[in-house]
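Report on the following structure.
What follows is calculated from the coordinates using simple rules that are stated; it is not laboratory data. Note that the coordinates shown come from a computational prediction; the quantities given were computed from them, not determined experimentally. Neighbour counts run over all protein chains shown; Cβ positions are idealised from the backbone, glycine included.
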Amino acid sequence: MTRSVSIFGATGSIGQNTLDLIRRDRASYRIVALTGGRNISQLAQDAIEFGAEIAVTCFEDALPDLRRALAGTSVQVAAGPEALIEAADRPADWTMSAIVGAAGLAPGFHALRHGRTLALANKESLVTAGPLLMAEARAHGARILPVDSEHSAVFQALVGEDIAAVEQVIITASGGALRDWPAERLAKATVKDALAHPNWDMGQRITIDSASMFNKALELIETREFFGVAPEKIGALIHPQSLVHALVGFQDGALMAHIGPHDMRHAIGYALNWPERQNLPVERLNLADIGSLDFAKPDETRFPALRLARDVMQIGGHAGTVFNAAKEVALDHFIAGDIAFTGMSALVEDTLDAISHEIRLHDAINSLETVLETDHLTRVRANQLAKTLQETPV
Ligand code: NAD
Ligand code: MG
């Protein structure tokens, strides 16, 4: 029996790894929608190879190029945020949410309404609107499976366990490219420095977020939202080898660790084959060759993102929405060269503070519209505050 699949963010790092797995078992899948951005040649090539029903670029001005690239094929073409939603409204048994940023939220929401499976790589969805997304899944009898490697690891460690017996959930962090840099040097780190990730090969934005520890900060909140574990039970641990992805501690003292290669095809493949396990084309680890695994406490002074994430989890409500949007704006400004590497956490903290005087952060989020309004307001404020940061010499 073939399964229908849609991939949002198909041209990205997660999207391409997903297609790599599907390509190996081509006859088992029927591709409904593939979406991308400016990389039209990749999108068109994949749409043709996999016989997609529709290919969508999120950029309206890229539609003529996409149309040209797919002329004479049976693939339908569309462009823009509305088209992404229409594509998500087409039923698929399994949908990969791998757009980067809050832009991934709405398509994921719509895909849940078919009551099937949403494989969630887009961590921003849970950080921005966790309670809503989980409620939407419940309301439609849909299942969300984690694709972030740490959350896939926690999910696997919890199979057959009672969540009430969980004492702690620890997600690991490689520490990113700048792990050992002293504070003064961090202030001068460039985009190129932040992109030199020691272990994982990922999209540009998440790689910089790894260097700033904002990626781990988002993942702490993602853990809270996905598993419903109390904030004080959730922690991060520096683990430079990135082989232990997460550990779940139980009330009898057992600590279940998930160990695996740093290859996203493991977590993607687990979500694709769940509840079964299938043979995956990933490296088999030889622990005797590896010899030792190291762990250390993260430094929240040099990397304040983790401290901010704990504050956000304690506040709840809209704090995650603000945190994520402010982080996205801060990252844009760092990439553009407007603010220093260390300016990112300062900007996020200042934005959280500014917004807390404008809206009641603690209030539970009750609709996608409010989330999008808060997201918008945050981006306006963060951009204003970024200007003042730019004027402050580092
Ligand atoms: P990427 O930058 O490689 O790819 C992003 C995809 O999203 C591309 O297809 C791009 O065209 C599309 N896109 C970008 N902006 C968009 C917009 N505004 N609207 C619609 N589509 C847009 O990113 P990635 O590394 O594959 O990461 C995707 C998601 O998965 C992120 O949320 C990331 O945090 C998460 N994730 C990635 C990894 C990894 O190893 N790459 C691991 C864990 C989680
Ligand atoms: Mg991760």
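Be a star and scan the stretch 335-354 for residues whose amide nitrogen sits under 20 Å from the point 7 Å along the Cα-to-Cβ vector of Arg307. Once the point is set 7 Å along Cα→Cβ of Arg307, 340-354 turn out to lie under 20 Å by backbone N, inside the stretch 335-354. Taking amide H as placed 1.01 Å from N in the peptide plane, Tyr29 has its amide H under 5 Å from the amide H of Arg3, each at least 5 places away in sequence or on another chain.
So for the chain, taking the charge dipole from beta-carbon charges (+1 Lys/Arg, -1 Asp/Glu), which of Met96, Leu66, Thr190 sits furthest toward the positive end? Of the options given, the answer is Leu66. Taking a ≥ b ≥ c as the square roots of the Cα gyration tensor eigenvalues, the stretch 264-329 comes out oblate, since a/c reaches at least 1.5 and a/b does not exceed b/c. Largest GNM mean-square fluctuation across Gln76, Gln278, Gln42, computed for the chain with C-alpha springs under 10 Å, falls on Gln278.
Label-to-label distance for Asp353 and Leu368 is 3.5 nm, based on points extended 7 Å past Cα in the beta-carbon direction. Placing unit charges on the Cβ atoms of the charged side chains and taking the dipole of the chain about its Cα centre, the candidate lying farthest along the positive direction among Val348, Ala33, Pro298 is Ala33. Comparing Thr128, Thr207, Thr190 in a Gaussian network model of the chain (Cα springs below 10 Å), the most mobile by mean-square fluctuation is Thr190. Taking a straight line from the alpha carbon of Lys387, these lysines sit under 22 Å away, with near neighbours fewer than eight places off in the same chain left out: Lys188, Lys327.
By its C-alpha gyration tensor, with a ≥ b ≥ c as the square roots of the eigenvalues, how is the stretch 239-381 shaped: rounded for a/c under 1.5, else prolate for a/b larger than b/c, else oblate? Judged from the Cα gyration tensor, the stretch 239-381 comes out prolate (a/c at least 1.5, a/b above b/c). Here the chain carries DSSP beta bridges of which approximately 30% are antiparallel, counting only pairs with both residues inside. Excluding residues fewer than 8 places away in the same chain, name every one of the aspartates and glutamates whose C-alpha is closer than 15 Å to that of Lys216. Within reach: Glu124, Asp148, Glu150, Glu225, Asp299, Glu300, Asp311, Glu328.
Using the rule -39500 (n - 2.57) for each DSSP H run of four or more residues, divided by the residues of the chain, the 222 nm mean residue ellipticity is -14000 deg cm²/dmol.
Are there any helices in the chain, counted as whole DSSP H runs, that stretch 20 Å or more along their axis by Cα and score at least 0.5 on average by Kyte-Doolittle, and if so which?
319-335
Only the Cβ atoms of Lys and Arg (+1) and of Asp and Glu (-1) were treated as charged; on that basis the dipole of the stretch 271-394 about its Cα centre amounts to roughly 180 debye.
With charges set only on the Cβ (+1 for Lys and Arg, -1 for Asp and Glu), what does the dipole of the stretch 142-240 come to about its Cα centre, in debye to the nearest 20?
360
Amide H contacts under 5 Å for Phe341: Ala189, restricted to partners 5 or more places along the chain or on a different chain, H placed in the peptide plane at 1.01 Å from N.
Picking from Gly337, Gly115, Gly317, which is most flexible by a Gaussian network model of the chain using Cα springs under 10 Å? The residue that fluctuates most here is Gly337.
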